[in-house]
1. Cβ-Cβ distance below 8 Å, separation of 6 or more or different chains: which pairs start in the range 11-25 with a residue that is free of Cβ contacts under 8 Å to residues at least 40 places away in the same chain and end on one that is surrounded by 10 or more Cβ atoms within 10 Å (Cβ to Cβ)?
2. How about the range 49-73: which of its residues are assigned to a helix (DSSP H, G or I) and open to solvent by less than 60 Å² (accessible area, probe 1.4 Å)?
3. Just one of (1) assigned to a helix (DSSP H, G or I); (2) at pLDDT below 90; (3) of a type in the set (A, V, I, L, M, F, W, C) trips up residue 22, so point out which.
4. Could you look through the range 14-40, keep only residues that are among the charged types (D, E, K, R) and open to solvent by 50 Å² or more (accessible area, probe 1.4 Å), and pick out the one that is farthest from residue 59 (Cα to Cα)?
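The values are calculated or read from the model by the stated rules, or taken from the named source; none is laboratory data. Since the structure is predicted, the reported quantities are computational estimates derived from the model, not experimental observations. Neighbour counts are summed over all protein chains in view; Cβ atoms, including those assigned to glycine, are modelled from backbone coordinates with ideal geometry. All accessible areas refer to the heavy atoms of the entire protein, side chains included, with ligands and DNA or RNA removed. Shrake-Rupley method; radii C 1.70, N 1.55, O 1.52, S 1.80 Å.
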Amino acid sequence: MIDISLSLEVMQERAVEAADFMRLFSTPSRPILLCHIAQKERSVGEIQDDLGLKQPGLSQQLSELRQAGVVQT
C-alpha cells in the first residue's frame, strides 16, 4: 500500500517551488525573451533593439531570470 500522506507532504513542499518557477513566466515578455536569447548569446543592447523593450524593464526581467538560475550573465 502506498503512503498517500507522505506523497501529499512532498507535493505540498514542492508546490511552493513549482509556483515560484511558474511565476517566472507570468510576464509575457519573459518567455519571448528566453526564446530570443536561447537562439544565441546577445548583449542587452541587442535584446533591447530586437524586442523593443526599454532598458530598465529588460534589466529587471533579466535580473529575475538570473536570480532564479534560468539565465547566466
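1. Listed pairs, sorted by first residue: 25/31.
2. Matches in the range 49-73: 51, 57, 58, 59, 61, 62, 63, 64, 65.
3. (2)
4. 14
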